[in-house]
1. Quick one: would you say residue 259 is out of contact with any helix residue (DSSP H, G or I) (no Cβ under 8 Å at 6 or more places or on another chain), under 25 Å from residue 163 (Cα atoms) and more than 12 Å from ligand 3 (Cβ to nearest atom)?
2. Step by step: first the residues of the stretch 30-45, then only those that are part of a loop (DSSP other than H, G, I, E, B) and without any contact (Cβ under 8 Å) to a residue 40 or more places away in the chain, then the one that is farthest from ligand 4 (Cβ to nearest atom). Which residue is that?
3. Do we find a residue being under 28 Å from residue 106 (Cα atoms), part of a loop (DSSP other than H, G, I, E, B) and under 20 Å from the mean Cα position of the chain (by Cα) anywhere in the stretch 207-219?
4. Of all residues in the stretch 60-84, which are within 16 Å of ligand 2 (Cβ to nearest atom), surrounded by fewer than 21 Cβ atoms within 10 Å (Cβ to Cβ) and within 14 Å of residue 30 (Cβ to Cβ)?
5. Given the criteria closer than 17 Å to residue 336 by Cα and surrounded by fewer than 20 Cβ atoms within 10 Å (Cβ to Cβ), does residue 255 qualify?
6. How about the stretch 95-118: which of its residues are under 20 Å from the mean Cα position of the chain (by Cα), part of a loop (DSSP other than H, G, I, E, B) and away from ligand 1 (no atom under 14 Å from the Cβ)?
7. From the list 235, 240, exactly one residue is more than 16 Å from ligand 1 (Cβ to nearest atom), on the phi < 0 side of the Ramachandran plot and loosely packed, with under 14 Cβ neighbours inside 10 Å. Which is it?
Ligand SMILES: *[C@@H]1O[C@H](CO)[C@@H](O)[C@H](O)[C@H]1NC(C)=O
Ligand SMILES: *[C@@H]1O[C@H](CO)[C@@H](O)[C@H](O)[C@H]1NC(C)=O
Ligand SMILES: *[C@@H]1O[C@H](CO)[C@@H](O)[C@H](O)[C@H]1NC(C)=O
Ligand SMILES: *[C@@H]1O[C@H](CO)[C@@H](O)[C@H](O)[C@H]1NC(C)=O
């Protein structure tokens, strides 16, 4: 265990013995000992300077040495967490570092994180305060990582132009970063996403944040790939190396309403079969019908991670998620391969149904999935996956409970290579042809 982990564990046990029942919340940990870990959900992760950073979300943990859940079930995580990627580790024993934050009220669920890997920084905006507790005025925050798994928080000064008070911060938008630009498509604004807000509305348009100029933009026509249709709960993934500017693939989610409050489960939804993608610079958009083992819809709250081969193929890993219409979480995972636009179903993930986890591509060809739960109440059911850290090797197509810092470069799995051998690449493509032609 890292020294600071040990110190906080000691402090926690001191507090636990000196506090009376009813105030046990103060002794909760953002990183409980692996044996006390129950569930982490609704966090976001990104990779900076060879470390995974995990931001926000909530944690459920056992009372030390017993199997009863300690404190309020949905306790927000108050520090930024990090895990090194420069060395191999096992899910059951890796030490997760907790970095305290200098601001109050920076503990939120489902933050929008925009990653500027070149700068070693991420920006944080949006997300929601659980129960609407301790809300503050909207800001764009910046976390700058050091090389040791630590870093510093600050408030970003925005360029003149669109001001934060002209935007509706929301949650459940489709978020990605292109290296130059942070993107959020749609989402929904609720009384828990913005101080003083009284209603819930799904958002149309797309917000971009320019890492260099620090300018925020929001456009609908000829800007968002969905025009002025509100989109809630979709996922986006940037793929570099396609066309001049790369493309952003968008999948899943629901068609929102701007006129009245409707539960997400009652809204129309986007079929996983039909993916939309766009050029983040020109904003030109296409849609494409996919084939193969198409994931069931509706689907939101799933996680994605992208991998590219040196031959110019791209694969997007898609894991789990929630069906709001039928109130069930999925226990499945897929790979969408481009340019074939074909889905391949992966072996059933261990650990059961999983939604509202967060995924990152790590160590050449592995996915790290952090946290997640089944239905809402399952936040109280201990995760079979130690510390909620589940890995997947994209080339061998195997689930793992350890991270390998020395894997070879990414290559498509054999099942995917076989598919391309058997088919003419562009035979099933229409609109997508042009984007992938160069
Ligand atoms: C985070 O801080 C809040 C407010 O002080 C507290 O209620 C909550 O228990 C803390 N979370 C953890 C995991 O300690
Ligand atoms: C990996 O980075 C950590 C800092 O997060 C450092 O303490 C450790 O020594 C490094 N390990 C190797 C094998 O370089
Ligand atoms: C972006 O603009 C559209 C159209 O004016 C508006 O409905 C939407 O709420 C805006 N998005 C955000 C995040 O403010
Ligand atoms: C696919 O989705 C796009 C964007 O929502 C839509 O314009 C298009 O009509 C859909 N295509 C089919 C075949 O459903």
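The values are calculated or read from the model by the stated rules, or taken from the named source; none is laboratory data. Remember, it's a predicted structure, so these values are computed and weren't measured experimentally. In this analysis, Cβ positions are derived from the backbone assuming ideal geometry, glycine residues included, and neighbour counts consider all displayed protein chains.
1. Numbers: out of contact with any helix residue (DSSP H, G or I) (no Cβ under 8 Å at 6 or more places or on another chain): yes; under 25 Å from residue 163 (Cα atoms): yes; more than 12 Å from ligand 3 (Cβ to nearest atom): no.
The answer is no for residue 259.
2. Pass one, the stretch 30-45, residues part of a loop (DSSP other than H, G, I, E, B): 30-33, 42-43.
Pick out the ones that are also without any contact (Cβ under 8 Å) to a residue 40 or more places away in the chain and you get 32-33.
Working: 32: 42, 33: 46 Å.
Across the stretch 30-45, the extreme among qualifying residues is 33.
3. Filtering the stretch 207-219 down to residues under 28 Å from residue 106 (Cα atoms) leaves 207-219.
Of the ones still in play, those that are also part of a loop (DSSP other than H, G, I, E, B) are 211-215.
Now narrow it down to the ones that are under 20 Å from the mean Cα position of the chain (by Cα): 211.
Looking for residues that are under 28 Å from residue 106 (Cα atoms), part of a loop (DSSP other than H, G, I, E, B) and under 20 Å from the mean Cα position of the chain (by Cα), one finds at least one in the stretch 207-219, hence yes.
4. Going through the stretch 60-84, the residues within 16 Å of ligand 2 (Cβ to nearest atom) turn out to be 79-84.
Applying the additional criterion that residues be surrounded by fewer than 21 Cβ atoms within 10 Å (Cβ to Cβ) yields 79, 84.
The one that is within 16 Å of ligand 2 (Cβ to nearest atom), surrounded by fewer than 21 Cβ atoms within 10 Å (Cβ to Cβ) and within 14 Å of residue 30 (Cβ to Cβ): 79.
5. Values: closer than 17 Å to residue 336 by Cα: no; surrounded by fewer than 20 Cβ atoms within 10 Å (Cβ to Cβ): yes.
No; evaluated as a whole, the condition is false for this residue.
6. At the first step, the residues of the stretch 95-118 found to be under 20 Å from the mean Cα position of the chain (by Cα) are 96-99, 106-118.
Of the ones still in play, those that are also part of a loop (DSSP other than H, G, I, E, B) are 96, 106-108, 110-111, 117-118.
Result: 110, 111, 117, 118.
7. Working: 235 fails: loosely packed, with under 14 Cβ neighbours inside 10 Å.
Just one listed residue meets the conditions, 240.
Conditions (1) in contact (Cβ under 8 Å) with a residue 24 or more places away in the chain; (2) under 21 Å from the mean Cα position of the chain (by Cα), marked per residue:
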position	(1), (2)
312	yes, no
316	yes, yes
323	yes, yes
334	yes, yes
348	no, yes
